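Participant: The structure follows.
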Amino acid sequence: MSQERITSLLTEKRSYLPPEHGKSAAWIGSQEEYESICQHANDDPEGFWGARAAQLLHWFRPWNKVLQSGSENFEYQWFVGGKLNAAYNCIDRHLINGRRNKAALIWQGENEMNVRCYTYQMLYTEVCRVAHALSSLRVRKGDRVALYMPMIPELVIAMLACARIGAIHTAIFSGYAEGGVLSRIQDSKAKVVITADAAMRAGKVKPLKANLDPILEKCPSVAHVVVVNRARMENVAMKRNRDVWWHDLIDDFTLDADFPCEPMSATDTLFLLHTSGSTGKPTGVMHSLGGYLTYAAHTTQWVFDMRDDDVYWCTADIGWITGHTYAVYGPLALGATTVMFEGVPTWPNPDRYWRIIEKFRVNIFYTAPTVVRSLMRLGVAWTERYDLSSLRILGSVGEPINPEAWTWFHKYIGREELPIVDTWWQTETGGAMIAALPYANKLKPGSATFPLPGIDATIIQQSTEEDGEQEQRGYLVIRKPWPGMMQGVFQNPQKYRSYFERFGIYESGDGARIDEEGYYWILGRIDDSINVSGHRLSTAEIETVLTAHPQVGEAAVVPMPHDLKGEAIYAYVTLHEDCPWSEELRTDLRNLVRRDIGPLASPEYIQFVENLPKTCSGKTLRRMLRKIAGSAYSDLGDTTSLASPAVLPAIIQGHQNLMAGHPEQYTDA
Ligand code: WTA
């Protein structure tokens, strides 16, 4: 974990009390109240979660058992025997509880003039039509439907249509390229893929359907592709009997065609979402309907103190878990108004976010530290010209928020008075786990504060021998099951078990520290993941792509600190004998990663080395490589375990040259 982070949080001593104004109306309005709920949730977890599930969701049939624990395999089933439907909870019930004409979804297109707003009634009509349409393509309960779509309302409609049928959606971030899309469709064995002709990104048209076509050659499970006409691209190739335009398909269904919600078991799978794990293959995280939806609604209500008249905006792409839980399921289950933005914060000007906040009078704004850092750099002039006074609560997710970004966010967006709820969680946890409650907890910049009620987090100190070196680490673990926890890993029970095996309880893969007041400080990933701009990538996956190049011998990918992205990717690469390095090769390797995984995974630096540092048993000493990538040369630890210590000075020299902009001098010759 990063020395820089440890140093910065050791020096962080400021704290901020929750605002007085708003406390009395808040769901949880004081530290004492928070503590007493924690006590109750701890004493009677099943009573606590059962009460929340009953308060927050509509059940067609109540459950017999809140939690059923499997004996050996860490299998937990929530709300066993209960029946419900996510689309019913996110739409239908709001048609009869007074929210029928409330804005459910406000969509801002990339073009400023392009706005669409769906009331709950309108969402219902569209979702029913799409459910009929998917059903006409023989999508049935339990089938997988892959969603490779940009940030357009059709994505939300498609998710809810799947939920209505009981089909399992599996979203694939539209920024992923070939390899990332292929592995996800193949793993999920999707029957239908929904996509768009193209995505609009910073004024450019980025084709999606054309990307998909070669991939589908290798995906025999896919019977149909539904294509939304987003960018009005010409000459979109449509394969007969397989591909169909979204608008043509739904045109067959009348506007009053109700599609009855399938009564699903609480333990059925709502969706599948792949995340990067410690192996080269993405992990297909499964979330159960009853547990996940309860947890999504529960955390959205408490962490964002959601009220009925709030306009709420989570900026995350729906291709990631944050978009699932906090842009779609949590807010819609509560009958809230959720904002969705198609574009990027910086195009055509770096004021898009502030414009949207002013335009729709956003009250709750949830974003990522990387966004804050990038906007911070462009100066306050962009924020000052907007009226941000509607804001009430700010949120942060994806990576630790560094004190500098926190302070800027608090001062310029939060008027030095708004609470910033820093929310720590993961794809696997379904929703926020360690997070501030805005009107209850005193904040410390950079700390996600405390575990939420019912979340039994702790830290296990352990001395591990990694790469042949001893290191003391604090593993962040969760002792008790919670409703939002993943249900399993799709067709890979072994992988699911691996989260529990080391300690017999859920291991997050993050390191953390608890201070003397009980505040949690997340230190970053302990496993081989990299967190670039809040997106989790697997080092193994990138290494697999690099070593697939015919000239590459070995590759070791490590994180390096980066001002904007939090972490950036640093790759050490050895070449086969007689293969000289060149700038072209460097470009080729970058392109290979861009093509196979996506631009996000493209290495910031590629250093060609003669040899990687290895132990006598042949293990690459990644910890040393991480330190070198971060220029922490004096902190390499015990180098005696190196099989050949002479490789180190050469690698350090190469790194210095690369940083100084002289990559040609990389060798030790
Ligand atoms: C990191 C995103 C510090 C962490 C919701 C975690 C954070 C990984 C925070 C999960 C935070 C997320 N403070 N680190 N507030 N939020 N992380 O699965 O390393 O894309 O394990 O889920 O992001 O990433 P994932």
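The values are calculated or read from the model by the stated rules, or taken from the named source; none is laboratory data. Computed from a prediction, not measured in an experiment: that's the story for all the values here. Note that each Cβ is placed from the backbone with ideal geometry, even for glycine, and that neighbours are counted across all protein chains shown. Each accessible area value is taken on the protein alone, full model and side chains, heavy atoms only, with ligands, DNA and RNA left out. Shrake-Rupley method; radii C 1.70, N 1.55, O 1.52, S 1.80 Å.
Participant: In whole angstrom, note down how far apart the Cα centers of region 499-576 and region 98-134 are.
Facilitator: If we compute the Cα centre of each part, the gap is 38 Å.
Participant: Label point 7 Å out from Asn114 along Cα-to-Cβ: which residues of region 211-240 have amide N under 16 Å?
Facilitator: Within reach of a label on Asn114: 228-234.
Participant: With n ≥ 4 as the cut-off for DSSP H runs, can you work out [θ] at 222 nm for the chain, using -39500 (n - 2.57) per run divided by the number of residues, rounded to the nearest 500?
Facilitator: The helix contribution divided over the chain gives -8000 deg cm²/dmol.
Participant: Using 18 Å as the cut-off for backbone N distance, which residues of region 94-130 belong to the label zone defined by a point 7 Å from the Cα of Asn349 along Cα→Cβ?
Facilitator: The answer is 109-114, whose backbone nitrogens lie closer than 18 Å to the label point.
Participant: Right, next: Just to verify a number: FRET efficiency for Asn241 and Gln186, C-beta to C-beta distance, R0 = 22 Å, to 0.05?
Facilitator: 0.55
Participant: For region 446-465 and region 40-95, what is the centre-to-centre distance using only Cα atoms, to the nearest Å?
Facilitator: 25
Participant: Taking the Cα centroid of region 309-342 and of region 615-664, what is the distance between the two, rounded to the nearest whole Å?
Facilitator: So the two Cα centres are separated by 44 Å.
Participant: Moving to a separate point now. Compare the peptides 222-228, 630-636, 282-288 by average per-residue count of other Cβ atoms within 10 angstrom and give them in order, highest first.
Facilitator: The densest-packed peptide leads the list: 282-288, 222-228, 630-636.
Participant: With a ≥ b ≥ c the root eigenvalues of the C-alpha gyration tensor of region 528-665, is it rounded (a/c under 1.5), prolate (a/b larger than b/c) or oblate?
Facilitator: rounded
Participant: Using 7 Å Cα-to-Cβ label points, what is the Ser631/Glu404 separation (nm, one decimal)?
Facilitator: Inter-label distance under the simple model: 1.2 nm.
Participant: Any chance you could list P(r) for region 612-651, counting all Cα-Cα pairs in 5 angstrom bins from zero, rounded to whole %?
Facilitator: 6, 27, 39, 22, 6, 0
Participant: Sticking with this structure for a sec: For a quick check of your reading of the filter: which GluC sites (Glu not before Pro) in region 541-582 sit in a DSSP loop and have no more than 14 other Cβ atoms within 10 Å?
Facilitator: Glu577
Participant: Let me ask another. Counting only protein chains, not ligands or nucleic acids, how are Glu384, Glu342 ordered by accessible area (probe 1.4 Å), most first?
Facilitator: So the residues, ranked largest to smallest area, are Glu384, Glu342.
Participant: What does the charge count near Leu123 come to, summing +1 for each Lys or Arg and -1 for each Asp or Glu among other residues with Cβ under 12 Å from its Cβ?
Facilitator: Residues close to Leu123 contribute a combined charge of +3.
Participant: For region 244-338, what relative contact order do you get, as a whole percent, if you take Cα pairs closer than 8 Å and at least 6 residues apart?
Facilitator: Answer for region 244-338 is 21 percent.
Participant: Between Arg502 and Glu583, what FRET efficiency follows from the Cβ-Cβ distance if R0 is 41 Å, with the result rounded to 0.05?
Facilitator: Efficiency at R0 = 41 Å is approximately 0.45.
Participant: Spelling out what I want: for every residue of region 37-46, take phi, set θ = phi - 60°, compute 6.51 cos²θ - 1.76 cosθ + 1.60 (Karplus), and round to whole Hz; glycine and proline get x.
Facilitator: Calculated HN-Hα couplings, in order: 5, 4, 4, 4, 5, 6, 6, 9, x, 5 Hz.
Participant: Mind giving me the nanometre distance, one decimal, between the label points for Glu610 and Thr639, set 7 Å out from Cα along Cα→Cβ?
Facilitator: In this crude label model, Glu610 to Thr639 measures out at 1.4 nm.
Participant: If you don't mind, another one. Any idea of Cys90's accessible area? Nearest 10 Å², probe 1.4 Å.
Facilitator: 0
Participant: Semi-axes of the equivalent ellipsoid of the chain: what are they in whole Å, largest first, if each equals the square root of 5 times a C-alpha gyration tensor eigenvalue?
Facilitator: Result for the chain: semi-axes of 38, 31, 25 Å.
Participant: Could you calculate the contour length gain from Glu234 to Glu417, that is, 0.36 nm times the residue separation minus the distance between their Cα atoms, to one decimal place in nm?
Facilitator: Extra length from Glu234 to Glu417 when fully extended: 60.9 nm.
Participant: Whose amide H sits under 5 Å from the amide H of Ile526, counting only residues 5 or more places off or on another chain, with H placed in the peptide plane?
Facilitator: Under 5 Å from the amide H of Ile526: Asp510, Gly511.
Participant: Any idea how far apart Gln121 and Ala223 come out in nm if each label point goes 7 Å out from Cα toward Cβ?
Facilitator: Spacing of the two 7 Å Cα→Cβ label points: 3.6 nm.
Participant: For region 627-643, take each phi angle, set θ = phi - 60°, evaluate the Karplus expression 6.51 cos²θ - 1.76 cosθ + 1.60, and give the result in whole Hz per residue in order, putting x for glycine and proline.
Facilitator: For region 627-643, the Karplus curve yields 5, 5, 4, x, 6, 8, 5, 7, 10, 7, x, 6, 9, 6, 6, 5, 5 Hz.
Participant: Quote the relative contact order of the chain in percent (integer), defining contacts as alpha-carbon pairs under 8 Å separated by 6+ residues.
Facilitator: 14
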